[in-house]
Each structure stands twice: as structure tokens, then as C-alpha cells.
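Each value in this text was obtained by applying a stated rule to the coordinates, not by laboratory testing. Keep in mind that this is a model prediction, so the values were computed, not measured. Neighbour counts run over all protein chains shown; Cβ positions are idealised from the backbone, glycine included.
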Amino acid sequence: MNETIELKTLDNHNFNAFISRPDTKPKGGLVVIQEIFGVNEHIREVCKKFMKEGYLTIAPSLFDREGKNIELDYTKNDISKGRILKEKYNLLSLNEIKSSVEYVKSAGKVGVVGYCWGGSLAYRSGCELTNINCSIAYYGGDIPTSKLTTKCPSMCHFGELDAGIPIDDVLKFKNKNPDIKLFTYPADHGFNCDHRSQYNEVCSRIAFERTVGFLNKNLI
């Protein structure tokens, strides 16, 4: 079942969250963290995909502090809008993620998975928040220069052709953090999103298989 629910943060902010509930007893809970485009069709599809793998999956709307139902396109203009909103609500968004973790932990252990901006937030969540049993980040730009230390098993996916996240920085981060399962792919930024021109079907499938295996290992 898929629906939008309303949750509240510790700083008393009401926000929407898209939730996908499996038909059978869930394996665990999973928080899906959006890109700079909002909880759009792609993020809802991602939730449903993980739900089919048996997880109670939730995607908090991190732009609700600005306005409800903000969904942006992949145009230059909307990318600029998304980047402005990201900077405005970056660290505040940990509140929404925390509330989402608390909601889905009724299903058991909880993981977080994020994409682009959400990838950076997923990694930060695994470093700073409690009740998270694993984190997975797709092309999170803040990760290679992060000084934070993860408190849970972590996995990262990066595109080797991503001009915005230099591969040399990614490899340096990998060498400094051997406990993090970090994979690179012959792909561009956003390679997981089949709504974008950068989509790479093969790399997306391999990364998803690795992600599901990581979730199953750490949450079941």
C-alpha cells in the first residue's frame, strides 16, 4: 500500500512523507532520502521498489518547510531552485529524517538510503543519528570531504564520470575509510535515475543488487 502521511519533528514542524507498506510482515524499515528535486515520481518509484524487496519504506518531504508538494524537474532552472532549497534546509532536514526513522522502526531494524543531496544526508545520518543500522549513499557530493565518522555499516556508490564529484577525491576517501563499502561505476552523476539522461541501466541494476544485499545483511 502506498500513501502520504503527516509526521512531526522534534522542532514542531509538520511534514508529509510518502510511505510504501509491503503486503507481508516487513523485513525492516528503510528511509529513502530525496535528491534536490523533492519527493517526486522517481523517489516514489524507488520507495515502491524497496517495498517489493520487503521493507517498510518512507520518503520524508524535506522541502515542506518551504511549501507543500514541491517537485522539481531536471532542467537547469529547477536544478538552481533545488540547490537553493538544499542550502536553506540542509542540516534542518536531519529532523525529518530522525522522525522518519522513529516511524519505521516499528518494522524492526532501520536503514537509510539517499541519492545526490540525499546521499550526503544518508551518510551524515549514519554518523550523527541513533537507531540507524546501516546507511547507503548514492553520489553524495559532501561525502569525499567529510570529516564525520560513521557509526553504522555504510555503503557508497559513485560515478566515475561525475564531473561534480572528482573521482580522485572519492578514491582518497575510500583509502581513508577502508571499512566503508565503496563502489565506483563507469557512469555519470544521477546514474540510478531513469528519468534523467545520465541514467545507466547496467550500473543502476548492479548498485541496486549490492544495496539490497547490504540491507538484507544488516537489517534482517
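Note down the net charge around F208, summing +1 for each Lys or Arg and -1 for each Asp or Glu among other residues with Cβ under 11 Å from its Cβ. Net of charged neighbours comes to 0. Between L148 and E45, the contour length at 0.36 nm per residue exceeds the alpha carbon distance by 34.0 nm. Of the trypsin sites (Lys or Arg not before Pro) found in the stretch 131-220, those that fall in a DSSP loop while having at most 12 other beta-carbon atoms within 10 Å are K147. For the stretch 139-220, the list of GluC sites (Glu not before Pro) that fall in a loop by DSSP and count at most 15 other C-beta atoms within 10 angstrom reads E160. Relative contact order, whole percent, for the chain stands at 17, derived from Cα pairs under 8 Å and 6 or more residues apart. From least to most packed, judged by other beta carbons within 10 angstrom and beginning with the fewest, S135, S80 follow the order S80, S135.
Report the local net charge at M51: Lys and Arg +1, Asp and Glu -1, summed over other residues whose C-beta lies under 10 Å from its C-beta. Net charge around M51: +2. GNM on the chain, alpha-carbon springs under 10 angstrom: the most fluctuating residue among S125, S20, S197 is S197. Neighbours of D168 by Cβ distance under 15 Å: Lys/Arg scored +1, Asp/Glu scored -1, total 0.
Checking (1) 41, 35, 35; (2) 53, 52, 28; (3) 41, 41, 32 against the coordinates, the calculated Cα extents along the principal axes in Å falls under label (3). Between the stretch 145-220 and the stretch 76-95, the alpha-carbon centres lie 21 Å apart. Taking the DSSP beta bridges with both ends in the chain, the antiparallel portion is around 30 percent. Ranking of C203, C116 by neighbouring Cβ atoms within 10 Å, starting from the fewest: C203, C116.
Which residue fluctuates the most in the chain, going by a Gaussian network model with Cα springs under 10 Å, if the choices are N77, N192, N177? For the chain, modelled as a Gaussian network with Cα springs under 10 Å, the answer is N77. Suppose every Lys and Arg Cβ carries +1 and every Asp and Glu Cβ carries -1, with no other charges. What dipole size does the stretch 2-219 come out with about its Cα centre, to the nearest 20 debye? Approximately 660 debye in magnitude. Once you sort the root eigenvalues of the Cα gyration tensor of the stretch 1-49 as a ≥ b ≥ c, which label holds: rounded (a/c under 1.5), prolate (a/b larger than b/c) or oblate (the other case)? Taking the square roots of the gyration eigenvalues as a ≥ b ≥ c, the stretch 1-49 is oblate.
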